[in-house]
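Bear in mind that the values in this text are calculations on the coordinates, not laboratory data. Values in this document were obtained by computation on a predicted structure and should not be read as measured data. Heads up, the Cβs are rebuilt from the backbone with ideal geometry, glycines too, and the neighbour counts pull from every protein chain shown.
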Amino acid sequence: MKIIRVLGIETSCDETSVSVVQKSSDGNIKILSNIVRGQLDVHKDFGGVVPELAARAHSEIIDKITLIAIRQAKIKFKDLNAIAATAGPGLLGGLIVGTVFAKTMASALKVPFIAVNHLEGHALSILLEHKIGFPYLLLLVSGGHTEFTVIKKFNSYKRIGTTLDDALGEAFDKTARLLNLGYPGGPLIEKCATRGDPNKYKFPLPLIHENNSDFSFSGLKSSVAQNILNKKITEKFKCDISASFQKTIVEILLKKTQHAINTFNNETKNKKTVNVVVAGGVAANQFIRGSLENLEKDINCKFHFPSQKLCTDNGAMIAYAGIERYERDLSNKLNFKPRPRWPLDKKAIFMKGKRINA
Ligand code: KG4
Ligand code: ZN
C-alpha cells in the first residue's frame, strides 16, 4: 500500500503547531502527531496577541516542536513526502517564521514545499476524522474570519456570506476584555456562562432580518459595553452577560445558517439534508455545539464539528491540506511570499466596513 506523509506547520497567530499526517492509498487518514503550543504567558498581560512577540515566540520553539512531532510520529525525516506550512492569512511575522522554516526543511530533505491557506486548513479539518462527501456548507467561525463557504470539492470554494466587521472569535475576545475576564476570551466566556442566566440580558441581533448570510458583530460588542457602563462588574454580572451573549450568538448563527442553506441548495442543486461543517476556534465552544445540534432539525441540516483540538489552530489541518495538494502536484516554489490577506474564494471581495455604504 502506498503511504503519503506530510509535515504541517502552523504559525499564523498565537499557536505554534507541528503535525505529521499520513494518508494511505485506501483513503485512510491518520494523525501521527499534532503538537500545539499556545502563547498564553506571552500575551496575557496585553489582553490580546502582540504580533512581534508572537513571531519571536514561534521562532524560539518551532525547531523543538518539530523534533517532538517527528519523534511522536515514530518516523524519520526521510519518511516525509512534503513539508506544508500556513502561508496566510495571518500575522506576517509568524507566517514568515513558519514558511522559512518549512522551505528550509523542504530544500534540505529534497521534497516539495507546500504553501497552505489557513482557511483551507479549517475548511477541510473535518475530513481528518469524518467521511463527509462534497459538496458541504462550511460555517467558519475563527478569531480572524467568519464566513459561509460552499465547499464544492477540493480547491473549489464559493463564499456566500461573511462578516462586515468583527469576526465571531474577535467578538468573544473583545467582550471578554470588557468584562475583565482576560485572554483568550472565547474559552473564558464559555466557562463563565455555565454559571449565568442566558435570559437576563437582551442583545441586538444585527442583520438578522436582512435577506443574506452576512454577519455583523461589532454592534453586539457595543451593546455589551453599554450594559457594563456605570455597573459594578460582579461575578454574577459577568456570568449573566456571558450566558446571554452566547445565547444571542446561537440565535444569529442559526438564522443565518438557515439562509445560507437556501443559497447552498440553489448553488449545488441540492435537495437532500445539507451537511453543515462548523470549524474554527469558536466551534470548540460546547454550548454553541450543543445548541446548534439540538436545533438542526428546525432548519433541515446536519451539523458536523471537528473534535475540539482540531477546531482551534493546529498543524494537522495544514498537513492534511498539504496531502491533498501533494496528491495533485500542487506544490510551491521556494520564493512563495506569505500572504497576510488571502481569501479562500479567490473571487470573494473584501467586505469589512462595507455596511456603511451598503
Ligand atoms: O481558529 P482559531 O484558533 O484562530 C484563528 O484562525 O483565528 O480561533 C481563535 C478564536 C479566538 O477568538 C478564541 O477566543 C476563539 O477562537 N475560541 C473560542 C473558544 N475557543 C477558542 N470562542 C468561543 N468558545 C471557545 N471555547
Ligand atoms: Zn484558525
Normalised contact order of region 54-183, rounded percent, pairs of Cα under 8 Å and 6 or more residues apart: 15 percent
The chain - mean residue ellipticity at 222 nm from DSSP helices (-39,500 (n - 2.57) per run, n ≥ 4, rounded to 500): -13000 deg cm²/dmol
Angle between the chain longest axis and helix 235-268 axis [Cα atoms, degrees, rounded to 10]: 60 degrees
Highest average packing first - 33-42, 176-185, Cβ atoms within 10 Å: 176-185, 33-42
Dimensionless Rg ratio for region 282-358, taking C-alpha atoms and the 2.2 N^0.38 Å reference: 1.54
Overall dimensions of region 211-263 by Cα: Rg and Dmax, Å: 14.1, 45
Calculated FRET value between residue 251 and residue 152, using beta carbons and R₀ = 25 Å, to 0.05: 0.30
Among the listed pairs 202/256; 191/236; 30/302; 255/347; 256/297; 2/333, those beyond 22 Å (Cα-Cα): 30/302; 255/347; 2/333
For the chain: relative contact order, % (alpha-carbon pairs under 8 angstrom, 6 or more apart): 24 percent
Mean Cβ count within 10 Å, highest first, over the residues of peptides 2-8, 229-235, 44-50, 150-156: 2-8, 150-156, 44-50, 229-235
Positive-end residue of 307, 287, 332, charge dipole of region 282-345 with Cβ unit charges: 332
At q = 0.17, 0.28 Å⁻¹, base-10 log of I(q)/I(0) for region 1-50 (Debye sum, equal scatterers on each alpha carbon): -0.60, -0.98
Between 0 and 90°, nearest 10: helix 51-73 axis offset from the chain longest Cα axis: 50 degrees
For peptides 250-261, 190-201, sequence by mean Cβ density within 10 Å, most packed first: 250-261, 190-201
Hydrodynamic radius by Kirkwood, which averages 1/r over all alpha carbon pairs of region 144-232, in angstrom: 14.7 Å
Whole-Hz ³J(HN,Hα) from phi, Karplus 6.51 cos²θ - 1.76 cosθ + 1.60, for region 74-79, glycine and proline x: 6, 10, 10, 4, 5, 7
Rg/Rh for region 216-358, where both radii come from Cα atoms and Rh is the Kirkwood radius: 1.03
Projected label distance in nm at residue 212 and residue 302, using a 7 Å step from Cα toward the beta-carbon: 3.2 nm
Shape box of region 90-143 [Cα atoms, principal axes, largest first, Å]: 37, 26, 16
Whole-Å distance, taken between Cα centres, linking region 174-209 and region 64-132: 34 Å
Alpha-carbon spread of region 59-193, three principal axes, descending order, Å: 48, 38, 27
Where labels lie 7 Å past Cα in the beta-carbon direction, separation of residue 61 and residue 294 in nm: 3.6 nm
Degrees separating the helix 168-178 axis from the principal Cα axis of the chain, which is the longest one: 60 degrees
In nm, spacing of pseudo-spin labels at residue 2 and residue 236 (7 Å Cα→C-beta vector): 6.6 nm
All-pairs Cα distance distribution in region 253-293, expressed in whole percent, bin size 10 Å: 25, 50, 23, 2
Extension gain, residue 334 back to residue 202 (0.36 nm per residue minus Cα-Cα distance, nm): 42.3 nm
Using distinct alpha-carbon pairs, which all enter the 1/r mean, Kirkwood radius of the chain in Å: 20.8 Å
Within the chain, percent of DSSP bridges classed antiparallel, to nearest 5: 60 percent
